[in-house]
1. Please state the charge dipole magnitude for the chain, taken about the Cα centre, from unit charges on C-beta atoms (+1 on K and R, -1 on D and E), reported in debye and rounded to the nearest 20.
2. Angle between the Cα long axis of helix 211-228 and the longest principal axis of the chain, 0 to 90 degrees, nearest 10?
3. Which FRET efficiency, nearest 0.05, do K126 and T204 yield, Cβ-Cβ r, R0 30 Å?
4. Among residues other than D155 whose Cβ falls under 14 Å from its Cβ, what is the net charge (Lys/Arg +1, Asp/Glu -1)?
5. Could you size up the charge dipole of the stretch 43-119 around its Cα centre, putting +1 on the beta carbon of Lys and Arg and -1 on that of Asp and Glu, and report it in debye to the nearest 20?
6. Around G108, under 11 Å between beta carbons, what's the net of Lys plus Arg minus Asp minus Glu among the other residues?
7. Once both labels are modelled 7 Å past Cα along the beta-carbon direction, what's the K119-S49 spacing in nm?
8. Please list, in chain and number order, the residues 5+ apart from S173 or on another chain whose amide H is under 5 Å from its amide H, with Hs placed from the backbone.
Amino acid sequence: MVFKSLYLPDMIKWDEESRTDTYGRLEIVPLERGFGRTLGNALRRVLLSSLEGFAPVSISIEGVDHEFSTIPGVVEDVPEIVLNVKSLIVNLQDEDRCVLKLNASEKGKYTAKDLTGDKNIRVINKSQVIARLGDSAKLSMEIVFEKGKGFIPADEWGLHGKEDKVGIILLDSWFCPVRMVNFQVQSARVGDRTDYDRLIMDVTTDGSIGPEEAVNEACEILIEHLRMIPGGLEPAEKPDLIEEEKESREDIMSIPIDDTEIPTRIANVLKSGGVKTLGDLAGMNADEILGISGFGPSSLDTVREVLENQGLKIKD
């Protein structure tokens, strides 16, 4: 297929032999020379940075006030439990937030399959160890999962509206479901020409979504951005900001002449002519100001400078 003298791909396929729930190899051929790297770079960047995923964002353990603690009878200390929790892979269905709980009171090893919670959350790596308990040990904990994008360090959660409370341990959260993306560009033949590109992409995910779904989402993100460019967009007006600017301007206009940097002598002359505020002054033109008895051209220059410092000017 040809579009605007450019040859478009006639084969886009996933390698079914090597394909798994977490890995896929995509082949796109032929592409015009240079388009292999163009598409490969664009898709790779979006896959690794812009897809939404799910991750644990906080954990609370009964009897534990902070991360650097130990729990009697539990083999792992709290930092190790936190690392285990951060390794959990989940998928929330029709939810943006969910909680999983673990209530353990018997000796043994507890894994992700022992977590209980909302039926809308699906744990992918159920064999992930959470903690090991010895005799007479107890462990009660809650893990909060949320939908997000990119990476958010624990110390930045405050910027996202979360409070750093005693008993709640905020986590470093990596939301992206894509773990690795590699691509290579090879030569391809179309007729007698051998200078076309063959793009081969290897995509690895965490299992919460498949490679094909991840690539489809990345394409949607790119298409949506590119679709907006031909029509162009003007900056959207922000009513709140406009109102604030309006109020700020009104405040400036009401400033008395005596409270400005206008020299006292000039201010007294202006007041004798009925000019009491910056708003009065900005509402006059040069001839009207010069018409005030005792007001000269040099004083007008001073007034112009003061008004400009306040973002105002006299009328033309």
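Any read-out appearing in this document is the output of simple, stated calculations on the displayed coordinates, not a laboratory observation. Everything numeric in this text was worked out from a predicted model, so none of it was measured. Backbone-built Cβ (ideal geometry, glycine too); neighbour counts: all protein chains shown.
1. Its charge dipole is roughly 1060 debye.
2. Orientation of helix 211-228: about 20 degrees from the principal axis.
3. 0.90
4. Every neighbour counted, the sum reads -4.
5. 380
6. My count for the surroundings of G108 gives 0.
7. 4.1
8. I152, A154
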